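These notes concern the structure reproduced below.
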Amino acid sequence: MTLTSFSTLTSTFSNNPIVDLQRIFQFPFMQHAYEAGTIVAIVAGIVGYFVVLRRSSFAAHALSHIGFSGAAAAVLIGINPVYGLLAFTSLGGLGIAALGRRAAQRDVQIGTVLAFMLGLGVLFLSLYAGGYAQEAYSILFGEVLGVSSSAVLLTLVAGAIILVLIAVVYRPLLFASLDEDVAEAKGMPVLLLGVIFMLLVAVATSFAVQVVGVLLIFALMVTPAATAQMLAKRPRQVIIISVIIALLATWLGLFIAFYTPYPVSFFICANVFVLYLLVRFAYPKIRPIRTAQILPDTHSAEET
Amino acid sequence: MGEQYEIIAAENLVAGYPGNIVWREAKFSVNRGEFVAVIGPNGAGKTTLFRLLLGLQQPVSGTIKIFDEAPKRGNPQIGYVPQRHIFDGETNIESFELVRLGVSGKHWGLGLLSKKDRESALNALKDVGATDLAHRSLGVLSGGELQRIFLAEALVSNPSVLLLDEPLSNLDMRRERELLQLIHGVVESRNVTALLIAHNINPLLPYLDKVIYIANGKVATGTPQEVLTSECLSVLFGVQVEVLRDSRGNIAIIGIDDCHGCQTE
């Protein structure tokens, strides 16, 4: 299912959203889109929290671009782009993790590799005989409406592995992300945790590309977690809110896109962006009521 | 103080890296319950001593023992507060979570049922008088408040030795005094041995049992009365220095750039 064929299917909203939803789910490609979108949103919402906490958003951004050349290489040799993405992002993730402790801040080195990998991707796609523009478009901006049922299954398996792995490393990873020096002194394998984290980002990115594409990966990997972080102070709460934001943005994006001629990726990005703006600028205006209640408390603490 | 039980002992200790020796031929010991200041100029190798004790770095030669064993990484008897950074304003995590990680961060899994960690964290926060900070975000705490949280994070696993790297830096004199009183109180009540790296020794003088003075590639150790003398420090620095005392017992060291009496940064 390509984008062009999708836009011919579009119809207008009825007065009843339930009916609208029912109509959407009559189409297998929309079912697959919702299934893949749901898995990706959950995984990206969770992994994104650690990306934000570790200040690794540039590294995550770079990984998706490194993935671009992987996907392009896969297209060139005629295999599923996801495998190319997985291979390249995993290697890239290992490389960034090997750079060591403050890898997230190594903008210049990571940026240099990023640019080269993008260039490599362009070369691979130009060598590909059939439909350069179409393939480039779907890798860069995502094509969730073209996800097959086997791709959904693969996404489900990868998503489950990521969630289990995060459940296992949750507390040490949180510790190492927040207070690396103490975690290291306590005997935690901080380097290994860094490697595991980058691999988690690599795999999550590879599958999220299906939904929002390489260029828009921030919409699901960073913005929901960054927004959630402004709303809560406990990691578990932040993660739950982050997942909810990613899910709502994806579901709503698919829903609106079905009834309009515009791409899904745009609506997902727009949803998280609007929410981010609301939380960033409107939420602090409501919040002072709560802060005022805390203030006398802190004041008395200063005096004792 | 009862029996003198030796917790830390070093003999002929050479620290640093083979091509880059930081200090050599050090001999010192720390007994249970002692409050010890580790002082010396910037870059003298004070933090190196902590890294050796934590097992993060190996001695070039000589021996160092903690609890009669060679140091190893992850020793649960040591609580460590590294020299630190403050969290930037965007780190919106409540202090309680960091303190709890001091004990739960070593365990794998989600730990959804760990009630005990919660209690230890609350107790540690109470001990440092920071119960009211528990649910405030790390990003908005002041330097002094953060140091209390870091102290709670180190105490939460019930260590018997505390290694505090420059906890007093970036505090004004009043907060410095308050934090020091707090640290000393916690150390007494929990019967913990504490090593504290500091730049200025004067605020510490009322509490100290021992001084480890690191300078000029050498280490001098003893009680403050033994170490902080013109004779001892002249030998240590290798130049003639003079230790002056004011009427309150504060000292100033004349003859080196890094005089303790000066409050300048």
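The values are calculated or read from the model by the stated rules, or taken from the named source; none is laboratory data. Please read all numbers here as calculations on a predicted model, not as lab measurements. No Cβ is skipped: glycine too gets one built from the backbone with ideal geometry, and neighbour counts run over all protein chains shown.
From the list A:Gly70, A:Gly130, which one is within 20 Å of the chain's Cα centre (by Cα) and either crowded, with 22+ Cβ neighbours inside 10 Å or modelled with pLDDT under 90 (or both)?
A:Gly70
In the stretch A:228-278, which residue that is aliphatic (A, V, I, L, M) and within 14 Å of another protein chain (Cβ to nearest Cβ) is surrounded by the most Cβ atoms within 10 Å (Cβ to Cβ)? Let's see the steps before the verdict.
So in the stretch A:228-278, the residues aliphatic (A, V, I, L, M) come out as A:228, A:230-232, A:238-241, A:243-249, A:252, A:254, A:256-257, A:264, A:268, A:270, A:272, A:274-275, A:277-278.
Now narrow it down to the ones that are within 14 Å of another protein chain (Cβ to nearest Cβ): A:228, A:230-232, A:238-241.
Details: A:Ala228: 26, A:Met230: 17, A:Leu231: 15, A:Ala232: 17, A:Val238: 24, A:Ile239: 22, A:Ile240: 16, A:Ile241: 21.
The extreme case among them is A:Ala228.
Test B:Glu90 against the stated conditions and say whether it is surrounded by fewer than 19 Cβ atoms within 10 Å (Cβ to Cβ), acidic (Asp, Glu) and either without any contact (Cβ under 8 Å) to a residue 60 or more places away in the chain or facing another protein chain (nearest Cβ under 10 Å) (or both).
Details: surrounded by fewer than 19 Cβ atoms within 10 Å (Cβ to Cβ): yes; acidic (Asp, Glu): yes; either without any contact (Cβ under 8 Å) to a residue 60 or more places away in the chain or facing another protein chain (nearest Cβ under 10 Å) (or both): yes.
Against the criterion (surrounded by fewer than 19 Cβ atoms within 10 Å (Cβ to Cβ), acidic (Asp, Glu) and either without any contact (Cβ under 8 Å) to a residue 60 or more places away in the chain or facing another protein chain (nearest Cβ under 10 Å) (or both)), B:Glu90 qualifies.
In the stretch B:155-180, how many are within 11 Å of chain A (Cβ to nearest Cβ) and touching a Leu at 6+ places or on another chain (Cβ under 6 Å)?
Going through the stretch B:155-180 one residue at a time, the tally reaches 1.
Just to be sure, is A:Ala219 modelled with pLDDT under 95, of a type in the set (A, V, I, L, M, F, W, C) and buried (at least 21 other Cβ atoms within 10 Å of the Cβ)?
Working: modelled with pLDDT under 95: yes; of a type in the set (A, V, I, L, M, F, W, C): yes; buried (at least 21 other Cβ atoms within 10 Å of the Cβ): yes.
Yes, satisfied.
Each row is one residue, and each column tells you yes or no for (1) among the aliphatic types (A, V, I, L, M); (2) under 20 Å from A:Val222 (Cα atoms); (3) away from every other protein chain (no Cβ under 14 Å).
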{"residue": "A:Ile110", "(1), (2), (3)": "yes, yes, yes"}
{"residue": "A:Ala115", "(1), (2), (3)": "yes, no, yes"}
{"residue": "A:Leu125", "(1), (2), (3)": "yes, no, yes"}
{"residue": "A:Glu135", "(1), (2), (3)": "no, no, yes"}
{"residue": "A:Leu154", "(1), (2), (3)": "yes, no, yes"}
{"residue": "A:Ala158", "(1), (2), (3)": "yes, yes, yes"}
{"residue": "A:Ile166", "(1), (2), (3)": "yes, yes, no"}
{"residue": "A:Ser177", "(1), (2), (3)": "no, yes, no"}
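Listed residues B:Ser137, B:Ser160, B:Ser142, B:Ser169; which is among the small types (Gly, Ala, Ser) and under 23 Å from B:Tyr5 (Cα atoms)? Quick ask: steps written out before the conclusion?
Working: B:Ser137 fails: under 23 Å from B:Tyr5 (Cα atoms); B:Ser142 fails: under 23 Å from B:Tyr5 (Cα atoms); B:Ser169 fails: under 23 Å from B:Tyr5 (Cα atoms).
Criteria check complete, one pass: B:Ser160.
Looking at B:Pro59, B:Pro76 in this structure, which one is outside any helix (DSSP H, G or I), within 17 Å of the chain's Cα centre (by Cα) and either away from chain A (no Cβ under 14 Å) or exposed (fewer than 15 other Cβ atoms within 10 Å of the Cβ) (or both)?
Working: B:Pro59 fails: within 17 Å of the chain's Cα centre (by Cα).
The conditions single out B:Pro76.
Return the only residue of B:Leu125, B:Leu168, B:Leu146 being modelled with pLDDT of 95 or more and either surrounded by 20 or more Cβ atoms within 10 Å (Cβ to Cβ) or touching an Asp or Glu at 6+ places or on another chain (Cβ under 9 Å) (or both).
Details: B:Leu168 fails: modelled with pLDDT of 95 or more; B:Leu146 fails: modelled with pLDDT of 95 or more.
Testing whether each residue is modelled with pLDDT of 95 or more and either surrounded by 20 or more Cβ atoms within 10 Å (Cβ to Cβ) or touching an Asp or Glu at 6+ places or on another chain (Cβ under 9 Å) (or both) leaves just B:Leu125.
Among the residues of the stretch A:160-178, write down those that are in contact with a Lys or Arg (Cβ under 9 Å, 6 or more places away or on another chain) and either among the charged types (D, E, K, R) or surrounded by fewer than 16 Cβ atoms within 10 Å (Cβ to Cβ) (or both).
A:Arg171, the sole residue that qualifies.
If you go through the stretch B:95-129, how many residues are facing chain A (nearest Cβ under 8 Å) and more than 18 Å from A:Leu173 (Cβ to Cβ)? Give the derivation first.
The initial filter retains those residues of the stretch B:95-129 that are facing chain A (nearest Cβ under 8 Å), namely B:97-98, B:101-102, B:104-111, B:129.
Next cut, more than 18 Å from A:Leu173 (Cβ to Cβ) only: B:129.
Residues flagged as facing chain A (nearest Cβ under 8 Å) and more than 18 Å from A:Leu173 (Cβ to Cβ) within the stretch B:95-129 amount to 1.
In this structure, does A:Val203 turn out to be at pLDDT below 95 and either in contact with an Asp or Glu (Cβ under 6 Å, 6 or more places away or on another chain) or closer than 21 Å to A:Leu53 by Cβ (or both)?
Numbers: at pLDDT below 95: no; either in contact with an Asp or Glu (Cβ under 6 Å, 6 or more places away or on another chain) or closer than 21 Å to A:Leu53 by Cβ (or both): yes.
Considered against the rule, which asks whether it is at pLDDT below 95 and either in contact with an Asp or Glu (Cβ under 6 Å, 6 or more places away or on another chain) or closer than 21 Å to A:Leu53 by Cβ (or both), A:Val203 comes out as no.
Criterion first (touching a strand residue (DSSP E or B) at 6+ places or on another chain (Cβ under 9 Å), crowded, with 16+ Cβ neighbours inside 10 Å and more than 30 Å from B:Ala152 (Cα to Cα)) does B:Gly217 satisfy it?
Numbers: touching a strand residue (DSSP E or B) at 6+ places or on another chain (Cβ under 9 Å): yes; crowded, with 16+ Cβ neighbours inside 10 Å: yes; more than 30 Å from B:Ala152 (Cα to Cα): yes.
Criteria met by B:Gly217.
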